[in-house]
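Chemist: Would you mind keeping the following structure in view while I ask a few things?
Any read-out appearing in this document is the output of simple, stated calculations on the displayed coordinates, not a laboratory observation. Computed from a prediction, not measured in an experiment: that's the story for all the values here. All Cβ positions, glycine included, derive from the backbone under ideal geometry; neighbour counts span all protein chains shown.
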Amino acid sequence: MLGRVADVPEPAVLVQATDLTKRFGSFTAVDGISFELSRGEAFGFLGPNGAGKSSTMRMIGCVSPPSGGDLTILGMDPVSQGPAIRARLGVVPQEDRLDEELTVRENLLIYGRYFGLSKAIIADRTDRLLDFVQLSERGGDQVEPLSGGMKRRLTIARSLINEPDILLLDEPTTGLDPQARHVVWDRLFRLKQQGVTLILTTHYMDEAEQLCDRLVVMDRGKIAAEGSPRELIDTYSTREVLELRFAPDEHEHAAEVVAGTKADRMEVLADRILLYVADGDAALLQVRSLGLEPLASLVRRSTLEDVFLRLTGRRLEDG
Amino acid sequence: MTAVAEAGARASVAGPWGMSLRAFRWWLVNYRRTWRGSIYSSLLNPVLFLGALGLGLGSLVDKHGTARLGGLSYLAFLAPGLMAASAMQTAVGESLYPVFSAVKWQQTYQAAAATPLRPADIYRGHLMFTTMRLIMNMVIFLAIMAAFGVVRSPWMIAGVPVAVLTGVAFAAPLDAFAVTREKNDQAFNVIFRFGMIPLFLFSGTFFPVTQLPAWIRPVAYATPLWHGVALCRELNSGAPDLLGAIGNLGYLAALAAISMLAGQITYRRRLYV
């Protein structure tokens with residue numbers, strides 16, 4: 001319904017970046033990254049704050065000229081053909097940037113007019129889009145008093161007014177409460193099902209796992225790894241993780257003892273010990289057999305968080 | 001849904017004029033909410049100034065002889081110059097804070113920059129709206145002048161576009177400057193105190209520049225407001241001196257044109273980081 005039906009054959013690769021670099025003065029925000037995005041994919045940049053994700057998104061959004069490398073979007077050059085590319089992009093910025101004093105419908109009208117769409121077309125699409133983001137009843141309301149989740153959904157509706165070829169979402173659920181996040185995820189998942197090509201940045205591993213077919217893990221301006229969430233976990237982590245928590249005064253001693261168990265890898269965090277193993281329950285038995293009794297233990301599947309920890313030695317939220 | 005060939009169904013890129021018009025629409029849609037209040041102040045401002053200064057202060061001035069005002073009553077002297085000065089005020093009001101708000105507080109500029117619009121289109125769209133506001137206010141000002149009985153020549157109708165151009169000559173550089181402000185709006189106070197207020201007071205609006213000490217007069221002649229004030233005042237007395245008028249208009253047009261080039265650069269630098 002919302003995906004644009006192309007009447008001209010398009011190249012399958014929508015975004016191609018080679019050694020893409022962005023510098024601000026002496027600071028290198030994006031340090032020679034290469035990736036490709038194909039039509040219909042949901043592609044993610046996962047990394048902590050300051051990893052260079054937003055800078056990359058701004059370059060793809062043609063509002064930030066690359067400092068080096070090659071970037072082609074929809075077969076065009078972002079610097080010389082920015083307006084033509086942007087005509088076919090949808091952008092959901094982290095800050096929403098809605099016209100808060102205007103009504104919900106006026107927001108879509110103004111934005112649609114930026115794209116040169118006729119009023120009749122905008123009105124028609126507005127009905128469908130507001131229905132899609134569950135804001136039909138709020139059409140005539142001013143935006144300012146709406147909740148954060150509603151505003152984000154409106155921003156998503158607004159970004160779809162031109163039926164974009166690619167939808168760019170920068171941290172789509174940052175700052176939302178858990179319930180609102182799930183509603184946004186549900187809508188984005190539906191878009192994905194409809195074949196809309198998504199690029200998103202996130203520092204939430206659960207968001208990346210739920211929404212991305214393929215993702216790159218970014219750290220300090222570079223790509224640390226690339227693959228589907230499953231592949232990344234299989235490659236960089238074990239099937240299960242045993243989390244152990246000890247009393248603070250035992251923590252250090254326990255870490256030394258646990259190091260003697262048969263695990264693929266161990267991470268000692270400030271408050272927990274993570275054991276990367278194929279069988280978490282078996283590992284826990286082994287820990288107990290060494291005479292240790294953790295205050296709490298948890299066996300769970302590996303996540304992208306573990307992949308990130310393995311690749312960078314830091315946790316995602318540490319930045 | 002099939003691919004529709006219907007006009008306006010596909011996002012499109014237009015020429016500079018068409019794209020600027022799209023940016024202009026944002027201001028129009030927002031203005032629909034606030035136009036009433038703005039009309040009141042557009043009416044009230046000239047009435048207060050012409051009443052208090054033109055009539056009130058003017059009655060004192062007129063008692064002391066008006067030879068230096070060219071034999072005019074003070075009200076008749078003041079009104080056309082004040083029209084140009086009020087164009088400057090309108091331009092300042094539609095430029096500094098609205099630009100800062102659009103780029104910093106609301107980020108409407110950045111929202112527009114994510115669409116086919118280019119920074120230059122966003123800049124020109126804002127200037128188009130300021131021009132519209134100037135036209136409205138100057139027409140109102142002329143009507144109030146007529147109500148006060150001080151429109152002395154049909155040439156004064158040409159004072160409207162002259163005052164509008166004066167306003168644009170202020171708005172274009174002020175927009176270009178305001179968009180460069182990253183952190184705060186402190187610089188605006190400096191502009192008000194050391195730019196706009198001295199210009200307002202000393203550019204010949206309230207008394208002829210010839211009353212100033214000789215050494216400082218060239219400064220007054222160099223300010224854009226003086227050119228607007230002088231030409232508006234001349235138009236109210238009949239056909240202007242052609243060469244002088246070309247000089248005034250040329251100065252204002254050149255200032256506007258050069259500022260617009262600068263604004264395209266400053267807008268791009270701010271919006272394409």
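Chemist: If the elastic network links every pair of Cα atoms under 10 Å, which of B:Glu182, B:Glu94, B:Glu234 fluctuates the most in the Gaussian network model of chain B?
Modeler: Maximum fluctuation in the GNM of chain B, among the listed residues, is at B:Glu182.
Chemist: Enumerate the calculated ³J(HN,Hα) couplings along the stretch B:15-31 in order (Karplus 6.51 cos²θ - 1.76 cosθ + 1.60, θ = phi - 60°), each rounded to whole Hz, writing x wherever the residue is Gly or Pro.
Modeler: Karplus-based 3J(HN,Hα) across the stretch B:15-31 equals x, x, 5, x, 5, 5, 4, 5, 5, 4, 4, 4, 5, 5, 4, 5, 5 Hz.
Chemist: Taking amide H atoms as placed 1.01 Å from N in the peptide plane, list the residues 5 or more away in sequence, or in a different chain, whose amide H sits under 5 Å from that of A:Asp141.
Modeler: A:Val104, A:Arg105
Chemist: Evaluate the distance, in nm, between pseudo-label points positioned 7 Å from the Cα of A:Arg220 and of B:Ile258 along their respective Cα→Cβ axes.
Modeler: Roughly 4.9 nm, to one decimal.
Chemist: In peptide B:23-31, how many Cβ atoms from other protein chains are near each Cβ within 10 Å, on average?
Modeler: Shielding by partners across B:23-31 averages 3.
Chemist: Right, here's the next one. Does the stretch A:238-301 come out rounded, prolate or oblate by the C-alpha gyration tensor, with a ≥ b ≥ c the root eigenvalues, rounded set by a/c under 1.5 and, if not, prolate when a/b is larger than b/c and oblate if not? The partial results should precede the final answer.
Modeler: Values: a/c = 1.57, a/b = 1.39, b/c = 1.13.
Cα axes put the stretch A:238-301 in the prolate bin.
Chemist: Rank-order A:44-50, B:69-75, B:34-40 by packing density, defined as the average count of other C-beta atoms within 10 Å over each peptide's residues, highest first.
Modeler: Numbers: A:44-50: 22.4, B:69-75: 17.6, B:34-40: 11.4.
Ranked by mean Cβ neighbours within 10 Å, highest first: A:44-50, B:69-75, B:34-40.
Chemist: In sequence order, what are the phi-derived ³J(HN,Hα) couplings for the stretch A:26-38 according to the Karplus relation 6.51 cos²θ - 1.76 cosθ + 1.60 with θ = phi - 60°, rounded to whole Hz, with x for glycine and proline?
Modeler: Couplings: 8, 8, 9, 7, 10, 10, x, 9, 10, 6, 10, 10, 9 Hz.
Chemist: Across peptide B:261-273, what mean number of C-beta atoms from other chains lies inside 10 Å of a residue's C-beta? The partial results should precede the final answer.
Modeler: Values: counts 0, 0, 0, 0, 0, 0, 0, 1, 0, 0, 2, 7, 7.
Other-chain Cβ atoms within 10 Å of each residue's Cβ, averaged: 1.
Chemist: Over chain A, what relative contact order in percent results from Cα pairs under 8 Å that are six or more residues apart?
Modeler: Values: 607 pairs, mean separation 66.3, N = 319.
About 21 percent, as a whole number.
Chemist: For the protein assembly as shown, give the magnitude of the charge dipole about the Cα centre (Cβ charges: +1 Lys/Arg, -1 Asp/Glu; no others), in debye to the nearest 20. Could you put the intermediate results ahead of the total?
Modeler: Details: 59 positive and 59 negative charges, 550 e Å.
Computed charge dipole of the protein assembly as shown: roughly 2640 debye.
Chemist: Right, next: How do B:115-128, B:77-90 rank on mean C-beta neighbours within 10 Å, highest first? The partial results should precede the final answer.
Modeler: On the way: B:115-128: 25.6, B:77-90: 27.5.
Taking the mean over residues of other Cβ atoms within 10 Å, the ranking is B:77-90, B:115-128.
Chemist: Fewest first, what order do A:Cys212, B:Cys232, A:Cys62 take by the number of other Cβ atoms within 10 Å? Could you put the intermediate results ahead of the total?
Modeler: Values: A:Cys212 23, B:Cys232 29, A:Cys62 26.
If I rank by nearby Cβ atoms, fewest first, I get A:Cys212, A:Cys62, B:Cys232.
Chemist: Turning to a different aspect of this structure: Going by amide H atoms built from the backbone, whose H comes under 5 Å of the H on A:Leu198, apart from near neighbours?
Modeler: Placed amide hydrogens put A:Glu41, A:Ala42, A:Phe43, A:Leu167 under 5 Å from A:Leu198.
Chemist: Once both labels are modelled 7 Å past Cα along the beta-carbon direction, what's the A:Asn49-A:Ser289 spacing in nm?
Modeler: Here the answer is 4.5 nm between the modelled labels.
Chemist: When the helices in chain A are scored as -39500 (n - 2.57) per DSSP H run of 4 or longer and the sum is shared across all residues, what 222 nm value do you end up with, to the nearest 500 deg cm²/dmol?
Modeler: Numbers: 11 runs with 108 residues, N = 319.
Mean residue ellipticity at 222 nm (helix-derived): -10000 deg cm²/dmol.
Chemist: Determine ³J(HN,Hα), in whole Hz, for all residues of the stretch B:40-52 in sequence, where each value follows from phi through the Karplus function 6.51 cos²θ - 1.76 cosθ + 1.60 and θ = phi - 60°; x replaces Gly and Pro.
Modeler: 4, 6, 5, 7, 5, 4, x, 4, 5, 5, 5, x, 5
Chemist: Taking 0.36 nm per residue of separation and subtracting the Cα-Cα distance, what length does fully extending A:Arg272 through A:Lys119 add? Walk me through the intermediate numbers first.
Modeler: On the way: separation 153, 0.36 × 153 = 55.08 nm, distance 5.77 nm.
So the extension gain works out to 49.3 nm.
Chemist: Here's a follow-up. Counting only other chains, and only Cβ atoms inside 10 Å, what mean value do you get across the residues of A:78-91?
Modeler: Numbers: counts 0, 1, 0, 1, 6, 10, 4, 2, 8, 7, 3, 4, 3, 5.
Partner Cβ neighbours, averaged per residue: 4.
Chemist: Hey, can you grab everything whose amide H is under 5 Å from the amide H of A:Asp31? Only 5+ residues off in sequence or another chain; H modelled, so Pro and N-termini drop out.
Modeler: Residues meeting the criterion, in which the H sits 1.01 Å from N, are A:Lys22, A:Lys222.
Chemist: Could I ask something else about it? What is the magnitude of the charge dipole of chain B about its Cα centre, with +1 placed on the Cβ of each Lys and Arg, -1 on the Cβ of each Asp and Glu, and no other charges, expressed in debye to the nearest 20?
Modeler: In total the dipole reaches around 540 debye.
Chemist: Something else: For B:Ala147 and B:Arg33, what does the FRET efficiency come to when R0 = 22 Å and r is the distance between their Cβ atoms, rounded to the nearest 0.05?
Modeler: Values: r = 29 Å, r/R0 = 1.30.
For B:Ala147 and B:Arg33, the calculated efficiency is 0.15.
Chemist: Using the Cα centre of the protein assembly as shown as origin and beta-carbon charges of +1 (Lys, Arg) and -1 (Asp, Glu), tell me which of A:Gly149, A:Gly221, B:Val13 is placed farthest towards the positive end of the dipole.
Modeler: Farthest along the dipole direction, towards plus: B:Val13.
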